[in-house]
């Protein structure tokens, strides 16, 4: 298997990105886009900053071909969750967690647009007592599908 073009783990509480709402401000006449999750911007900014720093370290250029992505989200374990339960089956939805990461990857210049993603695997699990909540992201070039 080839080396990923990006491999990073970012600590923090993963935030879901739901549907955005857009409207025109009556005061300024400009379009405004809002999210129902007030903590999303901080999470996306944290991801984009960490990803940008990693790209600078590795001197990685923006990738313009097809990519595969693996995302593993580590969520805090509630005190009420039995020890034998490994995976959370409650909100946030894994697809909404992925959306926020894809936008942060775009903001950080990893790729031109998240439409380049041709395959994604995503898992959400409880962080172990020795782990912090956060996300592990791996991005690979999808060979043979560039273009």
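In table form, for the structure just shown:
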read-out: Likely footprinting exposure, 121, 28, 130, fewest C-beta neighbours within 10 Å first; value: 130, 28, 121
read-out: Expected 222 nm ellipticity per residue - DSSP helices of 4 or more, -39500 (n - 2.57), all of the chain, to 500; value: -7500 deg cm²/dmol
read-out: Per-residue Cβ neighbour rank within 10 angstrom, fewest leading, 39, 84, 54; value: 84, 39, 54
read-out: Computed FRET value (nearest 0.05) for residue 26 with residue 91, which takes r as the C-beta separation and R₀ as 35 Å; value: 0.55
read-out: Over the chain, volume per residue of the alpha carbon convex hull, in Å³; value: 146
read-out: Label-point separation, residue 113 to residue 143 (7 Å along Cα→Cβ), nm; value: 2.8
read-out: Taking 106, 80 and counting other C-beta atoms within 10 Å, the order from fewest to most; value: 80, 106
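Each value in this text was obtained by applying a stated rule to the coordinates, not by laboratory testing. Because the structure is predicted, anything quoted here is derived from the model rather than measured. Using ideal geometry, Cβ is built from the backbone for each residue, glycine included, and neighbour counts are taken over all protein chains shown.
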